[in-house]
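Just below is one structure, and these are the notes that go with it.
The values are calculated or read from the model by the stated rules, or taken from the named source; none is laboratory data. All of these numbers come straight from a predicted model, not from anything done at the bench. In this analysis, Cβ positions are derived from the backbone assuming ideal geometry, glycine residues included, and neighbour counts consider all displayed protein chains.
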Amino acid sequence: MRSTLDRVHPPQVRSRGLWGRRVGAFVLLLFIAAGASGLLGVRSTTRSTTEGAVTVSVTYAATARSGLDVPWQVVVERAGGFDAEITLAVTGDYFDIYETQGFSPEPTEEQRDGAQLFLTFAAPDGDTFVVDFDAYIQPASQIGRTGTVAVVEADGTQVATTEFTTRIVP
């Protein structure tokens with residue numbers, strides 16, 4: 001008499017499928033570890049340029065995610081102080097990725113041409129001027145932006161132009 005188990009074959013170990021699942025689980029584990037450690041959050045950095053007596057430093061989010069608060073601060077230092085109001089020229093469309101609460105201090109005047117936003121502020125006391133931009137990345141923003149900031153001299157020339165780029169990750 002024959003058994004009904006005669007046709008049942010012993011299980012075969014499929015090493016390719018096993019290794020595929022192991023690699024997939026490892027990649028998922030790396031992604032979870034990166035998120036838990038903050039690697040997928042906001043990464044800020046500072047860039048500076050000095051030209052003549054003027055130094056412009058920009059602290060900004062180099063890498064960010066939609067919906068998160070991000071830093072954007074400009075520090076202008078001028079040896080000998082500021083004689084008159086100070087005007088900053090910033091790439092206009094850079095701010096399109098932000099939802100904003102505004103600048104601090106607020107500019108006394110704002111103008112925008114096709115490419116740049118000009119922000120004019122009252123002359124600060126001392127050799128240092130600091131402006132903060134209170135903002136977060138728009139939830140709908142999917143790509144980053146590159147921008148520049150420079151000090152506009154009285155004759156209209158822009159000095160100490162500093163470039164910066166914000167990348168947005170999912």
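Ala160 versus (1) modelled with pLDDT of 90 or more; (2) at positive phi; (3) surrounded by fewer than 15 Cβ atoms within 10 Å (Cβ to Cβ): which is the lone unmet condition?
Condition not satisfied by Ala160: (3).
Can you name the number of the only condition in (1) closer than 25 Å to Gly52 by Cβ; (2) within 19 Å of the chain's Cα centre (by Cα); (3) assigned to a loop (DSSP other than H, G, I, E, B); (4) not hydrophobic (A, V, I, L, M, F, W, C) that Tyr94 fails?
The one condition Tyr94 does not meet is (3).
Kindly indicate whether Thr4 is among the polar types (S, T, N, Q), farther than 25 Å from Arg167 by Cβ and under 29 Å from the mean Cα position of the chain (by Cα).
Working: among the polar types (S, T, N, Q): yes; farther than 25 Å from Arg167 by Cβ: yes; under 29 Å from the mean Cα position of the chain (by Cα): no.
So Thr4 fails the test.
Hey, does the range 100-108 have a residue that's out of contact with any Phe, Trp or Tyr (no Cβ under 6 Å at 6 or more places or on another chain) and among the hydrophobic types (A, V, I, L, M, F, W, C)?
No, the range 100-108 has no match at all.
Tell me, yes or no, whether the range 41-64 has at least one residue that is hydrophobic (A, V, I, L, M, F, W, C), under 23 Å from Glu153 (Cβ atoms) and assigned to a loop (DSSP other than H, G, I, E, B). Walk me through how you get there before you give the answer.
Going through the range 41-64, the residues hydrophobic (A, V, I, L, M, F, W, C) turn out to be 42, 53-54, 56, 58, 61-62, 64.
Keeping just the survivors that are under 23 Å from Glu153 (Cβ atoms) gives 53-54, 56, 58.
Now restrict to residues that are assigned to a loop (DSSP other than H, G, I, E, B): 53.
The answer is yes; a qualifying residue exists.
Return yes when Ala34 is without any contact (Cβ under 8 Å) to a residue 24 or more places away in the chain and either under 24 Å from Ser141 (Cβ atoms) or within 18 Å of the chain's Cα centre (by Cα) (or both) and no when it is not. Don't jump to the end; show me each part of the working.
Details: without any contact (Cβ under 8 Å) to a residue 24 or more places away in the chain: yes; either under 24 Å from Ser141 (Cβ atoms) or within 18 Å of the chain's Cα centre (by Cα) (or both): yes.
Yes.
Since Thr128 meets every condition but one in (1) at pLDDT 95 or above; (2) in contact with an Asp or Glu (Cβ under 9 Å, 6 or more places away or on another chain); (3) under 23 Å from Ala62 (Cα atoms), which condition does it not meet?
Thr128 satisfies every listed condition except (3).
Could you identify the single residue in Glu99, Glu106 that is at pLDDT 90 or above and either within 14 Å of Ala135 (Cβ to Cβ) or part of a loop (DSSP other than H, G, I, E, B) (or both)?
Details: Glu99 fails: at pLDDT 90 or above.
When all the criteria are applied, what remains is Glu106.
Inspect all residues belonging to the range 134-143 and state whether any of them is of a type in the set (Asp, Glu) and either in contact (Cβ under 8 Å) with a residue 40 or more places away in the chain or more than 22 Å from Ala62 (Cα to Cα) (or both). First the steps, then the outcome.
Going through the range 134-143, the residues of a type in the set (Asp, Glu) turn out to be 134.
With either in contact (Cβ under 8 Å) with a residue 40 or more places away in the chain or more than 22 Å from Ala62 (Cα to Cα) (or both) added as a condition, the list becomes none.
No, because not a single residue in the range 134-143 is of a type in the set (Asp, Glu) and either in contact (Cβ under 8 Å) with a residue 40 or more places away in the chain or more than 22 Å from Ala62 (Cα to Cα) (or both).
Just one of (1) among the β-branched types (Val, Ile, Thr); (2) surrounded by fewer than 19 Cβ atoms within 10 Å (Cβ to Cβ); (3) assigned to a strand (DSSP E or B) trips up Thr87, so point out which.
Status for Thr87: all satisfied but (2).
Can you pull out the residues in the range 28-48 that are hydroxyl-bearing (Ser, Thr, Tyr) and either surrounded by 13 or more Cβ atoms within 10 Å (Cβ to Cβ) or closer than 30 Å to Thr161 by Cβ (or both)? Reasoning before the result, please.
Going residue by residue through the range 28-48, those that are hydroxyl-bearing (Ser, Thr, Tyr) are 37, 44-46, 48.
Within the range 28-48, Ser44, Thr45, Thr46, Ser48 qualify.
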